[in-house]
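First up is the structure itself, then whatever we jot down about it.
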């Protein structure tokens, strides 16, 4: 006897409808999943494939013998790298420069966004945004050449200006006191325009009635900024700050490589440039890989901590 659909229990009918609904959704999204396949293949080949080479951090790697023929030495390369005379100095330089970039790279876009938010002429606001956003698109090779010309003590605009005012020109790119601040300042100048967009977008989400209520209570523009604007964008500030912790060991390889010289190794040498010199110039592949692997492990821990803190304090999740 064939039962009609009406005689089938409601739960069974709902299960059938749910099954076909999920099946149709999978079919509809199949083209989007297929679009991911080429990017996934490239990621596996160029990102995860080369990670097999990390084993040379535990070997006395000799290129002519290859990975399979080189002698295993365990953690000897890590011990050598840790006891290397410049290791602690390089780590300290990296933390100092990257911390300065994070702190001032956070303050500058927030202040700029607050100032731009007060502008009422749209054409002026758009013009300023375009000007400060432009350096983000320039490579460090171009910006490095500009900075070298500007900061030259004899031919640079800044050096000539200081001489005209009666001051002794400073060789910013050759002075261990000034060089880290050149890196921090130039990085902030290049990137703060891009970060400003994030905070301007956050400012648009603040309820205008909050400002009206503050005006009724007699709050001036400063009190409105302090009591309404900053609390309104506080979740974004906390999120950006916590996520920045993951790059605490990334002080900007390209920037430092373009601008530094042996004169400022004492204050400008960072982990990435040390790995570059030891691995590609001095051909100490195993030691350079050990240092790079150490940095990657620490960075992974910091990124994991940053995501936990972002969820804990800003309710941000990656999925």
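Each reported figure results from applying straightforward, stated rules to the coordinates on display, with no laboratory input. Because the structure is a prediction, the values reported are computed rather than measured. Methodologically, a virtual Cβ is constructed for each residue, glycine included, from the backbone with ideal geometry; neighbour enumeration extends over all protein chains shown.
What ranking do 187, 33, 136 get, fewest neighbouring Cβ atoms within 10 angstrom at the top? Working shown, then result.
Working: 187 22, 33 10, 136 13.
With the fewest neighbours first, 187, 33, 136 line up as 33, 136, 187.
For the chain, what's the relative contact order in percent, using C-alpha pairs closer than 8 Å and at least 6 residues apart?
23 percent
Which ordering of 64, 270 is given by a fewest-first count of other beta-carbon atoms within 10 Å?
Result, fewest neighbours first: 64, 270.
Can you classify the stretch 161-317 as rounded, prolate or oblate using the Cα gyration tensor, where a ≥ b ≥ c are the square roots of its eigenvalues, rounded means a/c under 1.5, and otherwise it's prolate if a/b beats b/c and oblate if not?
Details: a/c = 4.08, a/b = 1.53, b/c = 2.67.
It is oblate, given that a/c is not under 1.5 and a/b is not larger than b/c.
Which of 290, 251, 202 moves most in a GNM of the chain, Cα contacts under 10 Å?
202
When the label point is put 7 Å from the Cα of residue 313 along its Cα-to-beta-carbon vector, which residues of the stretch 231-262 have a backbone N closer than 16 Å?
231-248, by backbone N distance to the label point.
Between the stretch 252-270 and the stretch 164-211, what is the separation of their alpha carbon centroids in Å?
Measuring centre to centre over Cα atoms gives 19 Å.
Okay, helix-only estimate at 222 nm for the chain: each DSSP H run of n ≥ 4 adds -39500 (n - 2.57), divide by all residues, round to 500 deg cm²/dmol; what do you get?
It comes out at -21000 deg cm²/dmol, rounded to the nearest 500.
Please arrange 294, 167, 84 by counting, for each residue, the other beta carbons lying within 10 Å of its beta carbon, fewest first.
Ranked by crowding around the Cβ, least crowded first: 167, 84, 294.
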